[in-house]
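First the structure, in the form of structure tokens, and then the observations on it.
The values are calculated or read from the model by the stated rules, or taken from the named source; none is laboratory data. Given the structure is predicted, the values throughout are model-derived calculations rather than measurements. For neighbour counting, all protein chains shown are included, and Cβ atoms are generated from backbone atoms with ideal geometry for every residue, glycine included. For accessibility, only protein heavy atoms count, side chains too; no ligands or nucleic acids. Shrake-Rupley method; radii C 1.70, N 1.55, O 1.52, S 1.80 Å.
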Amino acid sequence: MADRPTAPRLRRLPLTAVLGREAPVAVGFRARLLGLARLDREEAGAGLLIPRCAGVHTFGMRFRLDLVFLDERGRPLSTRLSVPPRRLACFHGAAAVLEIPSGGGEAAR
């Protein structure tokens, strides 16, 4: 499946369904800190869900991200499209963030 991550560090993470896609869940300090950083676009798959998070950074990114900030029920609160590397993004009140490689599918608006 094209949307499955190929990066070993993402393949080890548990998967969950979020916004119509199956995405790895960032559990543990390293997965939460790195997110999709230092990966090539093809390694990232459909994205990464970061629970208990209201803000992310794109330092170390090799491609742009679509960011979807979610409430505690997994409903979109805000979307930031095509966020370039070396940026900070947050949304007060978000319970999780879904990082999606930009251009890899439609982010919820």
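Would you call ALA95 within 22 Å of ARG12 (Cα to Cα), touching a residue at least 12 places away in the same chain (Cβ under 8 Å), open to solvent by less than 80 Å² (accessible area, probe 1.4 Å) and of a type outside the set (Asp, Glu)? Spell out the reasoning first.
Working: within 22 Å of ARG12 (Cα to Cα): no; touching a residue at least 12 places away in the same chain (Cβ under 8 Å): yes; open to solvent by less than 80 Å² (accessible area, probe 1.4 Å): yes; of a type outside the set (Asp, Glu): yes.
In short, no.
Look through the range 1-48, keep the residues that are open to solvent by less than 10 Å² (accessible area, probe 1.4 Å), among the hydrophobic types (A, V, I, L, M, F, W, C) and outside any loop (DSSP other than H, G, I, E, B), and return whichever of them is farthest from ARG86 (Cα to Cα).
Residue satisfying both the conditions and the ranking: ALA23.
For the range 56-77, which residues satisfy the criterion of being more than 20 Å from THR16 (Cα to Cα) and out of contact with any helix residue (DSSP H, G or I) (no Cβ under 8 Å at 6 or more places or on another chain)? Step through it out loud before you land on a result.
Filtering the range 56-77 for residues more than 20 Å from THR16 (Cα to Cα) gives 57-64.
Answer for the range 56-77, where residues must be more than 20 Å from THR16 (Cα to Cα) and out of contact with any helix residue (DSSP H, G or I) (no Cβ under 8 Å at 6 or more places or on another chain): HIS57, THR58, PHE59, MET61, ARG64.
How many of the residues in the range 50-109 are within 24 Å of ALA7 (Cα to Cα) and among the acidic types (Asp, Glu)?
Count: 3.
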